[in-house]
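Participant: Have a look at this one before I ask anything.
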Amino acid sequence: MVIEPGDTQSLLPGAKGAAGPAELAGVPARRRSWSAALDLLCAGAVVIGVVLVAYWKVIDCETFMRLAIGRATVAEGPFLHKSLLLFSRPGIPWLNSEWLGDVTLYAVYSLTGEAGLVVFKLLVLAAGWLLVFVLGRRQGGKPLTLAALLLLTLLASPLRFVERVEMFVFLLIPVYGLILLRARKHGYLLWALIPAGVLWANVHGSFIVAWVLVGAATAEAWLGANRDPVRGRVLLAMLLIHLLLPLATPYGTGVYRVVLEHMRHGEFIKRAVVEWRPLDELPASTAHLPFHVLGILGLLSFLPRCNRRRVEGFLLFLAGFLLARSSHRFVLYFGMLAAGPIAANLHRAATEWRALAGRALCAMTVIIGVTAVILLVPVVKAAHAIRRAADQLDYPVRAARWLGQNAPPTSRLILPYTGSQWLMWEAPQVGLYIHPHVYYDMDFLERYMTEVMMNPAVLAQEIARYGINLAMTQSTDATPQLLSYLERTPDWRLVYFDGFYGIYARNVDEPEAQQAFRARYAYRALRGVLSFDYLLASPKADIEYDMNRLRIQAPAVAQALSGFQILRSLSAKAGPGEDPSARRDAEHAAALLTEAIGHLPGSPALWSYLIEALLLAGDKNAAGTALAQGLQYFPQSRRLHALRALMDARM
């Protein structure tokens with residue numbers, strides 16, 4: 001066996017290619033033992049770090065979209081060509097190059113449940129990042145330096161270590177790197193890249209990263225320190241083959257169309273989808289630190305003479321840097337691609353510059369490692385404090401389940417873009433106007449966000465064009481134009497409301513199932529908003545009917561409405577000291593509203609009701625505190641500013 005350049009230390013014991021007795025005969029046994037122990041310690045630190053920062057529960061609603069697609073693929077087969085759940089794009093064939101990843105997630109979930117899916121994810125992530133460490137060691141990096149850089153990279157893990165098909169990429173990147181590195185000595189291993197590339201193209205749309213890995217190795221063989229023209233020609237052929245591997249999916253050339261659509265509409269995607277936004281458009285946080293540290297350290301590491309011809313390492317660093325700069329979701333890719341080359345560069349530079357550089361490298365490693373560990377503590381705490389996706393009320397979990405249990409199969413729903421993943425999983429019988437699996441043209445998505453959801457006239461045209469009979473609204477002002485249109489149009493009635501999401505049903509002539517659904521579940525007076533002033537003109541019998549439903553469907557909304565009714569029944573002119581019963585009623589209203597606000601997304605109206613109740617109860621200090629809190633959440637609210645002016649005038 002030949003040890004890779006710069007890799008004079010032992011590798012993980014038992015790892016393929018690890019230095020054996022013959023190679024290490026001249027190394028003292030105590031040093032070999034210490035080196036092996038250090039490798040294990042550093043590798044263990046990386047694996048433990050990955051497991052700790054990863055979520056131990058399913059926290060991402062997109063997981064359930066992937067499970068829904070996997071379920072449909074199992075039922076229909078991978079060559080599914082009908083438009084899954086989407087009624088608004090009937091002429092667009094279904095396309096999902098990630099079908100194998102979806103089927104894998106659904107199979108694991110079906111066999112082991114949510115807990116088993118989480119364990120599976122942890123195993124995949126731990127294996128992937130362990131292999132990144134092994135790859136970095138074989139590239140020549142020192143174990144402590146590698147561990148420090150990889151732990152630093154984990155600061156970018158929030159909302160990335162979830163149960164999506166992307167988790168397989170964290171395993172495929174180091175597998176590719178190890179194959180390419182070992183193939184320098186054993187050329188036949190390059191053939192393993194073909195099945196690996198086919199697998200990548202069928203589990204995740206990031207297969208272009210495989211092209212980058214093979215392309216960097218090709219450039220190294222032609223131009224780098226490990227120049228080998230014969231191997232370069234083989235790698236060039238392998239690169240050309242890789243350009244064709246996505247054809248080995250059930251959807252053929254359609255896979256390239258999706259990639260081109262993302263490239264053509266890249267700027268729009270970054271504006272519309274938060275997780276695609278560049279780092280410089282997001283608030284500064286410790287999650288950005290790996291990008292800056294790896295970027296500066298990486299550039300400096302290629303300056304020494306011994307590293308100037310490390311073409312492969314530089315191209316991997318550059319590719320990772322550009323990916324991370326384009327979107328914060330790729331910072332982890334940057335770390336996986338660049339940590340090994342940077343660590344190897346630093347080791348070579350320290351060896352060349354002798355003792356002084358060695359001490360500087362040791363000090364820098366300690367600083368980076370300690371800083372990373374300290375900063376990872378709040379990341380770990382946040383990862384374990386977040387609720388399960390099924391318990392996060394700002395997702396339409398309850399609304400989706402209600403639709404799944406009650407909506408007829410003829411339902412056609414227009415809804416917010418975010419949150420539709422739950423509908424795909426919980427209510428597969430409901431046709432959707434849009435969902436986040438973007439296999440359709442991006443022009444359609446852009447039109448939906450900039451015209452359909454913003455222009456009531458265009459919205460009305462779409463409703464008539466597609467026979468839409470259901471609409472979902474969000475209480476947090478995510479769908480103001482849609483809600484305004486529904487409230488102004490008498491054909492639409494609220495049939496479901498949980499305080500976060502509302503569902504409206506349209507009065508249609510047919511089918512009969514849709515008519516019966518609307519007749520059975522329609523509210524008489526209630527609207528899907530967290531403001532109740534409009535109810536003052538509604539018959540008491542209608543309000544009581546709606547209250548009986550709310551007590552079952554949305555207890556927090558029922559509490560808020562009860563508090564509002566008590567508040568409005570009090571005489572606004574009665575002073576708190578003049579009528580003890582009025583004071584008690586005001587205190588009761590304030591208690592109801594306080595409890596309700598703690599379980600609802602909140603609104604300026606609810607805060608104003610609470611402040612009014614506290615004032616009637618004579619508790620000016622609590623009213624002032626509530627006003628300050630309300631203005632903190634809704635600083636532009638005219639209603640709250642008017643209350644502040646009134647309170648200031650009374651002082």
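The values are calculated or read from the model by the stated rules, or taken from the named source; none is laboratory data. Quantities reported herein were computed from a predicted structural model and do not represent experimental measurements. Here the Cβ is made from the backbone with ideal geometry for all residues, glycine too, and neighbour counts use every protein chain on show. What goes into the accessible areas is simple: the full protein's heavy atoms, side chains included, and nothing from ligands, DNA or RNA. Shrake-Rupley method; radii C 1.70, N 1.55, O 1.52, S 1.80 Å.
Participant: Quick one: LEU643 ticks every box in (1) open to solvent by less than 70 Å² (accessible area, probe 1.4 Å); (2) assigned to a helix (DSSP H, G or I); (3) out of contact with any Asp or Glu (no Cβ under 8 Å at 6 or more places or on another chain) bar one, so which box is it?
Facilitator: Checking LEU643 against (1) open to solvent by less than 70 Å² (accessible area, probe 1.4 Å); (2) assigned to a helix (DSSP H, G or I); (3) out of contact with any Asp or Glu (no Cβ under 8 Å at 6 or more places or on another chain), the one that fails is (3).
Participant: Note down all Cβ pairs under 6 Å where the first residue falls in segment 296-318 and is within 17 Å of THR351 (Cβ to Cβ) and without any contact (Cβ under 8 Å) to a residue 60 or more places away in the chain, the second is of a type outside the set (Ser, Thr, Tyr) and open to solvent by 60 Å² or more (accessible area, probe 1.4 Å), and they're at least six residues apart or on different chains.
Facilitator: These pairs meet every condition: PHE302/PHE314; CYS306/GLU352.
Participant: If you check LEU193, LEU144, LEU155, LEU150, which single one turns out to be more than 22 Å from VAL438 (Cα to Cα) and open to solvent by 10 Å² or more (accessible area, probe 1.4 Å)?
Facilitator: On the way: LEU193 fails: open to solvent by 10 Å² or more (accessible area, probe 1.4 Å); LEU155 fails: open to solvent by 10 Å² or more (accessible area, probe 1.4 Å); LEU150 fails: open to solvent by 10 Å² or more (accessible area, probe 1.4 Å).
LEU144 is the lone residue from the list that is more than 22 Å from VAL438 (Cα to Cα) and open to solvent by 10 Å² or more (accessible area, probe 1.4 Å).
Participant: State which residue is farthest from the chain's Cα centre (by Cα) when the search covers only segment 117-160 and only residues that are assigned to a helix (DSSP H, G or I) and among the hydroxyl-bearing types (Ser, Thr, Tyr).
Facilitator: Narrowing segment 117-160 to residues assigned to a helix (DSSP H, G or I): 117-139, 143-156.
Restricting the remaining residues to those that are among the hydroxyl-bearing types (Ser, Thr, Tyr) gives 145, 153.
Numbers: THR145: 29, THR153: 17 Å.
The residue in question is THR145.
Participant: While we're here: Failed condition for TYR55, given (1) in a loop (DSSP other than H, G, I, E, B); (2) surrounded by fewer than 22 Cβ atoms within 10 Å (Cβ to Cβ); (3) of a type outside the set (Val, Ile, Thr), with all others met?
Facilitator: (2)
Participant: Consider LEU235 carefully, then state whether it is open to solvent by 10 Å² or more (accessible area, probe 1.4 Å) and touching a residue at least 24 places away in the same chain (Cβ under 8 Å). Write out each step before concluding.
Facilitator: Details: open to solvent by 10 Å² or more (accessible area, probe 1.4 Å): no; touching a residue at least 24 places away in the same chain (Cβ under 8 Å): yes.
Against the criterion (open to solvent by 10 Å² or more (accessible area, probe 1.4 Å) and touching a residue at least 24 places away in the same chain (Cβ under 8 Å)), LEU235 does not qualify.
Participant: Quick one: ALA560 ticks every box in (1) within 26 Å of ARG639 (Cα to Cα); (2) in a helix (DSSP H, G or I); (3) without any contact (Cβ under 8 Å) to a residue 40 or more places away in the chain except a single one, so which number is it?
Facilitator: Evaluating ALA560 over (1) within 26 Å of ARG639 (Cα to Cα); (2) in a helix (DSSP H, G or I); (3) without any contact (Cβ under 8 Å) to a residue 40 or more places away in the chain leaves (3) as the failure.
Participant: Right, here's the next one. Keeping to segment 161-186, report how many residues are open to solvent by 10 Å² or more (accessible area, probe 1.4 Å), of a type in the set (D, E, K, R) and part of a loop (DSSP other than H, G, I, E, B).
Facilitator: 3
Participant: Still on this structure, please answer the following. Would you confirm whether or not segment 505-522 contains a residue that is loosely packed, with under 15 Cβ neighbours inside 10 Å, of a type in the set (A, V, I, L, M) and either touching a helix residue (DSSP H, G or I) at 6+ places or on another chain (Cβ under 9 Å) or within 22 Å of GLY602 (Cβ to Cβ) (or both)?
Facilitator: No - not one qualifying residue is present in segment 505-522.
Participant: I would also like to ask the following. Please pick out the residue among VAL259, VAL234 that is under 26 Å from the mean Cα position of the chain (by Cα) and at negative phi. Reasoning before the result, please.
Facilitator: On the way: VAL234 fails: under 26 Å from the mean Cα position of the chain (by Cα).
Selected residue: VAL259, the only one of VAL259, VAL234 that is under 26 Å from the mean Cα position of the chain (by Cα) and at negative phi.
Participant: Determine which member of the set LEU423, LEU393 is part of a loop (DSSP other than H, G, I, E, B), closer than 20 Å to ASP498 by Cα and in contact (Cβ under 8 Å) with a residue 24 or more places away in the chain.
Facilitator: On the way: LEU423 fails: part of a loop (DSSP other than H, G, I, E, B).
Every option except LEU393 fails the conditions.
Participant: Still on this structure: Here is a check on your reading of the model: is LEU332 within 18 Å of LEU151 (Cβ to Cβ), of a type outside the set (Lys, Arg) and either crowded, with 20+ Cβ neighbours inside 10 Å or modelled with pLDDT under 90 (or both)? Working first, answer last.
Facilitator: Working: within 18 Å of LEU151 (Cβ to Cβ): yes; of a type outside the set (Lys, Arg): yes; either crowded, with 20+ Cβ neighbours inside 10 Å or modelled with pLDDT under 90 (or both): yes.
Considered against the rule, which asks whether it is within 18 Å of LEU151 (Cβ to Cβ), of a type outside the set (Lys, Arg) and either crowded, with 20+ Cβ neighbours inside 10 Å or modelled with pLDDT under 90 (or both), LEU332 comes out as yes.
Participant: Restricting to helices (runs of 4 or more DSSP H) lying wholly in segment 573-634: which have 3 or more residues that are over 13 Å from GLY563 (Cβ atoms)?
Facilitator: Once the helices (runs of 4 or more DSSP H) in segment 573-634 are filtered for at least 3 residues that are over 13 Å from GLY563 (Cβ atoms), what remains is 580-597, 620-633.
Participant: Still on this model: Could you go through segment 433-449 and let me know if any residue there is open to solvent by 10 Å² or more (accessible area, probe 1.4 Å), among the aliphatic types (A, V, I, L, M) and over 18 Å from CYS61 (Cα atoms).
Facilitator: Yes: one or more hits.
Participant: Still on this model: Any chance segment 234-243 includes a residue that's assigned to a helix (DSSP H, G or I), at pLDDT 95 or above, touching a Gly at 6+ places or on another chain (Cβ under 6 Å) and within 30 Å of LEU105 (Cα to Cα)?
Facilitator: Looking for residues that are assigned to a helix (DSSP H, G or I), at pLDDT 95 or above, touching a Gly at 6+ places or on another chain (Cβ under 6 Å) and within 30 Å of LEU105 (Cα to Cα), one finds at least one in segment 234-243, hence yes.
Participant: Which count do you get for residues in segment 487-502 that are within 24 Å of the chain's Cα centre (by Cα) and open to solvent by 10 Å² or more (accessible area, probe 1.4 Å)?
Facilitator: The number of residues fulfilling the criteria is 1.
Participant: Can you find a residue that is among the β-branched types (Val, Ile, Thr) and within 24 Å of TYR109 (Cα to Cα) anywhere in segment 428-436?
Facilitator: Checked against the condition, which is being among the β-branched types (Val, Ile, Thr) and within 24 Å of TYR109 (Cα to Cα), segment 428-436 yields at least one hit.
Participant: Here's another thing I want to ask about it. Could you identify the single residue in LEU299, LEU323, LEU375 that is among the aliphatic types (A, V, I, L, M), open to solvent by 30 Å² or more (accessible area, probe 1.4 Å) and touching a Ser or Thr at 6+ places or on another chain (Cβ under 7 Å)? So that I can check it myself, show each step before the final result.
Facilitator: On the way: LEU299 fails: touching a Ser or Thr at 6+ places or on another chain (Cβ under 7 Å); LEU323 fails: touching a Ser or Thr at 6+ places or on another chain (Cβ under 7 Å).
Just one listed residue meets the conditions, LEU375.
Participant: Here's another thing I want to ask about it. Tell me, which residue of segment 273-296 that is under 28 Å from HIS437 (Cβ atoms) and in contact with a Ser or Thr (Cβ under 7 Å, 6 or more places away or on another chain) is surrounded by the fewest Cβ atoms within 10 Å (Cβ to Cβ)?
Facilitator: Only one residue tops the list, namely PRO278.
Participant: Provide a single number: the residues in segment 246-264 that are surrounded by 18 or more Cβ atoms within 10 Å (Cβ to Cβ) and either within 24 Å of THR450 (Cα to Cα) or basic (Lys, Arg) (or both).
Facilitator: Number of matching residues: 2.
Participant: Taking the conditions exactly as written (closer than 28 Å to TYR496 by Cα, within 32 Å of the chain's Cα centre (by Cα) and of a type in the set (Asp, Glu)), does GLU595 satisfy them or not? Reasoning before the result, please.
Facilitator: On the way: closer than 28 Å to TYR496 by Cα: yes; within 32 Å of the chain's Cα centre (by Cα): yes; of a type in the set (Asp, Glu): yes.
Yes; evaluated as a whole, the condition is true for this residue.
Participant: Which members of segment 449-480 meet the condition of being in a helix (DSSP H, G or I) and either within 24 Å of ALA554 (Cα to Cα) or among the small types (Gly, Ala, Ser) (or both)? Write out each step before concluding.
Facilitator: Going residue by residue through segment 449-480, those that are in a helix (DSSP H, G or I) are 449-452, 456-466, 480.
Result: ALA457, ALA460, ALA464, PRO480.
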